[in-house]
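*Asks:* Can you read through this structure? Questions will come right after.
The values are calculated or read from the model by the stated rules, or taken from the named source; none is laboratory data. Owing to the predicted nature of the structure, the values given are computational and were not obtained by experimental measurement.
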Amino acid sequence: MFQKILSSILVIFLLSASPMVAANSTKNEQCVKIRTKIDKIHSKMRHKYTNKQGVKYRKQLDKLYKDEFKYCF
């Protein structure tokens, strides 16, 4: 009797934990993509760029930093 209850609880736990693991891996994938985009913009900013491009880069970085906070921390 006790073993059946224990096995039922274990099955319920495993089924409920599965979506959390999937969500966590998706979050990690998003984090990697965002950090890659941030690195690309930083590399562009190491070279010459116009004022208009600089404004564009800073706006993009601002959005990416917010997304990074959401997905990476």
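*Asks:* Within the stretch 1-60, track down each residue that is farther than 27 Å from Cys72 by Cα and modelled with pLDDT under 95.
*Replies:* Answer for the stretch 1-60, where residues must be farther than 27 Å from Cys72 by Cα and modelled with pLDDT under 95: Met1, Phe2, Gln3, Lys4, Ile5, Leu6, Ser7, Ser8, Ile9, Leu10, Val11, Ile12.
*Asks:* Right, another one. Give the stretch 34-68 a look and list any residue that's in a helix (DSSP H, G or I) and among the hydroxyl-bearing types (Ser, Thr, Tyr), or say none.
*Replies:* Correct list: Thr36, Ser43, Tyr57, Tyr65.
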